[in-house]
Each structure stands twice: as structure tokens, then as C-alpha cells.
There are 2 protein chains.
Amino acid sequence: MENRVSGALESYLEQIADLQKIHGAVRTSDLAERMGCKRSSVTNALQRLSEKGLINYQSYRPVTLTAEGKKTIAALSRYHGILADFLENILAFPEEFAQQEACQLEHRVSPCTIERMRVYLEFVAGKDGDSGQNTVTSQFNDFIKSKKELP
Amino acid sequence: MENRVSGALESYLEQIADLQKIHGAVRTSDLAERMGCKRSSVTNALQRLSEKGLINYQSYRPVTLTAEGKKTIAALSRYHGILADFLENILAFPEEFAQQEACQLEHRVSPCTIERMRVYLEFVAGKDGDSGQNTVTSQFNDFIKSKKELP
DNA sequence: TAATATTGTTAGGTAAAGCTAATTTTCAAG
DNA sequence: CTTGAAAATTAGCTTTACCTAACAATATTA
């Protein structure tokens, strides 16, 4: 068995963590709804996550995260945050799109590149200083608008 | 049959185009070498690419691209260029890494985000003007170095 | 040109991630 | 405390993308 976790399984894991926060227990049907798949596919995913030691799972019993699972989620959630920040504050996407896109990218962009995006965010924050006005981001926003105004 | 082309098939297609440019003919073994897989997997991929109408393929005959295949490659190659440019000139990665990473990302980042990266590149180019000196990129390079110097 | 080496394909297998349909467990009401 | 509905699981199938081993076609070269 390949021990690395695929993007699909990572997503399940995140939804599990989120549902746990909200509802305490994690139900197969809720997961299916969130993942946009059938309950049977969820069961299958839970079994594989369990084999990989990321969740505690027994048939018909409530699912919980292992320490390993929590660690995985912590990393993912950090990646998500950096990517969403980058998309919103560097590339000037609206927050909602940034969040959506970050959900995809957190499984697909290398840690190295994500880390570099974090450094770039720091760099730009430093350039903008405490001014608040006329930041690089707002300049870029204007730039985008100026492009759209002349089609 | 799902008519969309997966990331894996897209990669085969690109390697085919590249080999065609270099060697004229495209050999299964060369493709296998490039893709880091076995010859039998290549045959399988060629059959699927052919079913999707992206290449002309018959057993033991040289492979060629269809018009549709060429169009797909043109789009991909454009994405690759933008991503590599962004990685090298915004995120200040060395060219080789930028190229490698772009190969992965071109199949994974949404066209919308890639397009926005292109606009950002334009924006920064505009800011830097013709100066050449003290560009945003070179400032960021210095910033990275300054971070590394104090561990 | 015939023998051999290389290259390409087929057949059959695995794992991931989904599906439907059938079955089993749990739970809520009567 | 039984029973029927809802929820979860199992069984069996699909596709993608890989694998090995066996076989077929093409090339090389003696």
C-alpha cells in the first residue's frame, strides 16, 4: 500500500475535521454531501484513510482523527491559508474565489512553491508598510480595472 | 468515454510534440523514458489519446498529432510559459526549478488563475519600466537573501 | 537472407476513486 | 419491544494509469 495521501483523501480528511468541529460527530451522509459523492464512496475512503493511520474507524462507529491525521490537517490548513492569502492579496481575486481555488491548489502546488508565496506576501507587506493607502495590491487592482475598461 | 484530457495524457501529448520536433519520429521507448514508465503503459496511453482524437495512431506505425492535438498543445504550452515566467520572475525561483514546477502546474492550476498571473507579470513589468535596475524582482531576491542570512 | 536483438503490443493484474444495487445496522416511534 | 425508515456497508462494476510477462513485429548484422 502506497502510504502517501492523495488529494482526494486529503479532502475527505479536511471535511472530517470540519464536521467534527461543527457537529462533534462525523456522519457518512454529511461527508457524502460535502464531497459530492455517494455514501458508498465515503465508506471506501474512510477505510483507506484508516489503513493509512489517519483516522480511527470501525463500521457504524463514529470516526475520529488520529494524531497523525491531525498533523496532516494542520499542514494542509496552513497551505490553504497561504494560498488563499496569495490569491486574494497578490493576485487580487475576490475572497470567495480565492477560497475555492485554494481548496484545489493546496493539494496540487508543491510545499516549496507555497512557502515561497508566503515569503512573497511578507515582502509585499513590508513594501506597503503601515501606509494602508496606495498598496501594491490596490495598484494592481487599478491595473486590472484599466485593462477591462478598453476591450 | 470521458472526452476531457487528463493531466497524464496531456503530458504524453507534450512529450510527443517535443520528440517530433527533435527526432521527427516518435518512438514508444523514448516516450516511456521521458514519462518514466514502461513501454506497455505508453501503448495504452497512445490508444487512449487516439480514441480522443488527439493523435493519429496505428500499431507499429509512427505517431502524428491531429489538428485537435496541436491545439491542445498550444494552450498547454502557453500555460507553461506563463507559469514558468511567474515562478522565475515573480517568485524568484531559479530557471530550472521554474521549468520543472511549471510542468506540474500547467495541468493543475485553473486557466483563470494562470491568466491572472499573466496580468500580474504585465503589471510588474510596467512598474519596473525600462530601468532594469532595482526591479521588484531583484528587490525580492535581496529580501529572500536577507531572510536566509539570519537563521 | 536468416538469426538475433530490439522494439512494440497484448493479456492479465493492481490500486484509486467513483458508481449502482443489495444488504445490514442503527435508531426513532408506535 | 418490535418494526419500519434512514443510514451505513458490502458486493460487484467502471475508468485511469500504471505494472509484469508473454508474444509479435521490426531492425540489425553476421
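List every residue whose amide H lies under 5 Å from the amide H of B:T64, counting only residues 5 or more places away in sequence or on a different chain, with H placed 1.01 Å from N in the peptide plane.
For B:T64, whose amide H was placed from the backbone, the distant partners under 5 Å are B:N56.
Can you list the distances in nanometres, one decimal and ascending, from the A:S50 label point to the identical position in each other copy, with the point 7 Å along Cα to Cβ?
Between copies, matching label points for A:S50 lie 4.4 nm apart.
With the Cα gyration tensor of segment B:7-65 giving a ≥ b ≥ c as the square roots of its eigenvalues, does the rule (a/c under 1.5 for rounded; else a/b larger than b/c for prolate; else oblate) give rounded, prolate or oblate?
rounded
Once B and A are treated as a pair rather than alone, how much accessible area drops out, both sides summed, in Å² to 100, probe 1.4 Å?
In total, chains B and A hide about 2600 Å² from solvent.
Please state the shape class of the protein assembly as shown: rounded when a/c is under 1.5, otherwise prolate if a/b exceeds b/c and oblate if not, all from the C-alpha gyration tensor.
Taking the square roots of the gyration eigenvalues as a ≥ b ≥ c, the protein assembly as shown is oblate.
Can you tell me the length gained on complete extension of the stretch A:T43 to A:S77, counting 0.36 nm per residue apart and subtracting the Cα distance?
9.9 nm
Which distances, shortest first and in nm, link B:T135 to the matching position in the other copies, using label points set 7 Å out along Cα to C-beta?
2.5
What is the local net charge at A:E2, summed over the other residues whose Cβ is closer than 14 Å to its Cβ (Lys, Arg +1; Asp, Glu -1)?
+1
Residue by residue through A:59-70, how many Cβ atoms from other chains fall within 10 Å of the Cβ on average?
That average works out to 0.
What is the residue of chain A with the smallest Cβ distance to the axis taking A onto B, and what is that distance in whole Å?
Closest Cβ on chain A to the axis mapping it onto B, in Å: A:R108, 2.
Run the helix sum for chain B: -39,500 (n - 2.57) per DSSP H stretch of 4+ residues, divided by residue count, reported at 222 nm to the nearest 500 deg cm²/dmol.
-22000 deg cm²/dmol
Quick one: Cα centre-to-centre distance for segment B:1-80 and segment A:24-82, in angstrom?
Cα centroid to Cα centroid, the span is 37 Å.
7 Å along Cα→Cβ for the label point: how many nanometres lie between B:E33 and each equivalent label in the other copies, listed shortest first?
Distances between equivalent label points, in nm: 5.5.
Distance in nm between label sites at A:Q99 and B:D85, each 7 Å beyond Cα in the beta-carbon direction?
In this crude label model, A:Q99 to B:D85 measures out at 3.2 nm.
Restricting to Cα pairs below 8 Å that are 6+ residues apart, what does the relative contact order work out to for chain B? Please round to a whole percent.
Details: 114 pairs, mean separation 24.3, N = 151.
Across chain B, relative contact order equals 16 percent.
Accessible area per residue, 1.4 Å probe, Å², for the protein assembly as shown: what's the number?
Per residue, the protein assembly as shown has an accessible area of 57 Å².
Of the accessible area of chain B, with the probe set at 1.4 angstrom, what percent is carbon plus sulfur?
Here it works out to 48 percent.
Please give the residues from segment A:87-126 for which the solvent-accessible area of heavy atoms, probe 1.4 Å, is smaller by at least 30 Å² with all protein chains in place than with the chain isolated.
A:L91, A:F93, A:E101, A:L105, A:R108, A:C112, A:T113, A:R116, A:V119, A:Y120, A:E122, A:F123
Using the alpha-carbon atoms, what tilt in degrees (0 to 90, nearest 10) does helix A:7-23 show relative to the longest principal axis of chain A?
80
Angle, helix A:67-89 long axis vs. longest principal axis of chain A, Cα atoms, 0 to 90°, nearest 10?
20
The values are calculated or read from the model by the stated rules, or taken from the named source; none is laboratory data. Since we're looking at a predicted model, the values are computed, not measured. Methodologically, a virtual Cβ is constructed for each residue, glycine included, from the backbone with ideal geometry; neighbour enumeration extends over all protein chains shown. Protein only, heavy atoms only, side chains kept; ligands, DNA and RNA dropped before computing areas. Shrake-Rupley method; radii C 1.70, N 1.55, O 1.52, S 1.80 Å.
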